[in-house]
Amino acid sequence: SGFNSIGHMDTMSQGRHHIGHYKEGEEFIQNVFHVLSQIFTGKEKSNLAICWLQYEISKVIQCLQAKKKKKLKAQGRKSKKLAKNFLKAPDNRNNLSLWKLYAYLEWLLGNTDDSRKVFDTALCTAGTGGLKSAQLCSLSLLYAQLEVELLESMEGAVTSRAVHILTKLTENGPFVPYSGQVSPVNVLKARKTYEHALQDYLSQTADSDQDQVNDTDQLVNVVGCYALFQYLTVGIDAAVLIYTQASEKLEVSGSQKCENTGENLGILNFPTALEAVTLLHTNLLRFHMKIGVYPLNPLREALTEALKRYPSNQSLWRSYIHIQRKSHCASKARRFFDSVTRSTNSLEPWLFAIQAEQMRKKLTEKVQRADVGEIHCTIPETGLTNRIVALFEHAVQSENGTHCPLLWRMYLNFMV
């Protein structure tokens, strides 16, 4: 039709329908992938396959969020077929990143047992690198995280499949699929191994200038595995302690490196390691609050600190908005948004500030329109519309906002 967006704009909804992937846009993206896969070879081709699968997974997640069962089935079939074709290629048979994505895809589609088989197969063929193999750690971490999400409470967490996966990772031997509870002795041995590995990586980051991209990725994986292990075997406080230790050490390393070498490229990766650790930390706190009773303040503090440092991290903003929705006092969040937008050129704080106010407006209207006789409106509506318009006005005047089509579309959409 000549007037369709490529890809999708999931922040806009037309009536009841969510704007999904347009047919023409989708065809264009598929063509790009097909053309590139014929040009690339070797490592580049594998990386392209990873990107392609990640894109397919994003579509599956979109179907899940929109609760479209029919579409999810069709999309799932297509995505699985693609993943299997990738894994049949000789170059990709031992590519753990592709196996990981395929297993994740099966898990998202609700095929938990199939997904476990894929994870187990990948871990069995991955060899015995243990905590020294970045891909093995990353694979085990995702597997354990998914298993933990199935837990309904912390009772019996010590006997869970996740503890088995994280314990096996430290043993440097061949992986054995889960058959029952892990022995307490093995749990103790695993804790010691994690402790030493973490100390080694933290002292390495402080000293060395070697291959830092891999080192910091690996550090994040080890921190994630160890913290999750402690969470399941000891409790939330033990896990938080590990995240705090790692963050403090990374902050010190990052600032020292900046002072020592003005142009050391390794520094560029430190903020990303710190950011990834922060993300793991906040996600674990959110999960723990979902399955148990835990104060909101530690999570709120961790998020505000992280967002001051990484104002363009969308996952952190989503978590922040999610916890702010539960409180009826908006002033604290508004002050925070205001301070962040003043101190950064990123557009994300503006977009999320607008989204937070729009959610508040929606909630207010829902309360006011509820058909239950006499209503005492608890949240005054006046001024919310004006506040949103003012936010849009300020956002489109900022340097990045002027050139952001999404922002203009949201503004037009709101005014209509």
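Tabulated values for the structure
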quantity	calculated
Filter pass, residue 132 being within 24 Å of the chain's Cα centre (by Cα), open to solvent by 30 Å² or more (accessible area, probe 1.4 Å) and closer than 20 Å to residue 190 by Cβ	yes
Residue selected from region 108-126 under the condition small (Gly, Ala, Ser) and open to solvent by 30 Å² or more (accessible area, probe 1.4 Å), by the criterion nearest to residue 222 (Cα to Cα)	126
Yes/no for residue 227 being at pLDDT 95 or above and crowded, with 16+ Cβ neighbours inside 10 Å	yes
Qualifying residue in region 210-221 (condition: modelled with pLDDT of 90 or more and either closer than 22 Å to residue 149 by Cα or outside any helix (DSSP H, G or I) (or both))	yes
Of the criteria (1) open to solvent by less than 10 Å² (accessible area, probe 1.4 Å); (2) over 22 Å from the mean Cα position of the chain (by Cα), which one residue 163 fails	(2)
Members of region 269-303 found to be of a type in the set (Ser, Thr, Tyr), part of a helix (DSSP H, G or I) and open to solvent by 30 Å² or more (accessible area, probe 1.4 Å), listed by number	272
Residue count for region 342-351, restricted to those that are part of a helix (DSSP H, G or I) and either open to solvent by less than 20 Å² (accessible area, probe 1.4 Å) or more than 12 Å from residue 394 (Cα to Cα) (or both)	3
Residue 192, sole failed condition from (1) crowded, with 16+ Cβ neighbours inside 10 Å; (2) under 19 Å from residue 246 (Cα atoms)	(1)
Subset of region 38-49 (residues that are open to solvent by less than 50 Å² (accessible area, probe 1.4 Å) and within 27 Å of the chain's Cα centre (by Cα))	46, 48, 49
Test: residue 139 is surrounded by 18 or more Cβ atoms within 10 Å (Cβ to Cβ) and modelled with pLDDT of 95 or more	no
Whichever residue in region 166-185 is of a type outside the set (Val, Ile, Thr) and touching a Phe, Trp or Tyr at 6+ places or on another chain (Cβ under 8 Å) and, among such residues, is surrounded by the most Cβ atoms within 10 Å (Cβ to Cβ)	166
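Condition check ((1) in contact with a helix residue (DSSP H, G or I) (Cβ under 6 Å, 6 or more places away or on another chain); (2) modelled with pLDDT under 90; (3) surrounded by 14 or more Cβ atoms within 10 Å (Cβ to Cβ); (4) not in a helix (DSSP H, G or I)) across all residues:
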residue: 368; (1), (2), (3), (4): no, yes, no, no
residue: 374; (1), (2), (3), (4): no, yes, no, yes
residue: 380; (1), (2), (3), (4): no, yes, no, yes
residue: 386; (1), (2), (3), (4): no, no, no, no
residue: 392; (1), (2), (3), (4): yes, no, yes, no
residue: 407; (1), (2), (3), (4): yes, no, yes, no
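Here is a yes/no grid of residues against (1) outside the structural domain of residue 150 (by the TED database); (2) open to solvent by 30 Å² or more (accessible area, probe 1.4 Å); (3) within 25 Å of residue 134 (Cβ to Cβ); (4) touching a Ser or Thr at 6+ places or on another chain (Cβ under 6 Å):
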position	(1), (2), (3), (4)
53	yes, no, yes, no
56	yes, no, yes, yes
63	yes, no, no, no
68	yes, yes, no, no
81	yes, yes, no, no
93	yes, yes, yes, no
97	yes, yes, yes, no
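Conditions tested, residue by residue: (1) in a helix (DSSP H, G or I); (2) modelled with pLDDT of 90 or more.
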{"site": "94", "(1), (2)": "no, no"}
{"site": "104", "(1), (2)": "yes, yes"}
{"site": "128", "(1), (2)": "no, no"}
{"site": "135", "(1), (2)": "yes, no"}
{"site": "144", "(1), (2)": "yes, yes"}
{"site": "164", "(1), (2)": "yes, yes"}
{"site": "169", "(1), (2)": "yes, yes"}
{"site": "172", "(1), (2)": "no, no"}
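The values are calculated or read from the model by the stated rules, or taken from the named source; none is laboratory data. Just so we're clear, the structure is a prediction, and the values are computed from it rather than from any experiment. Counting neighbours? That spans all protein chains shown, and the Cβs are built from the backbone with ideal geometry, glycine included. Accessible surface areas use protein heavy atoms only, side chains included; no ligands, DNA or RNA. Shrake-Rupley method; radii C 1.70, N 1.55, O 1.52, S 1.80 Å.
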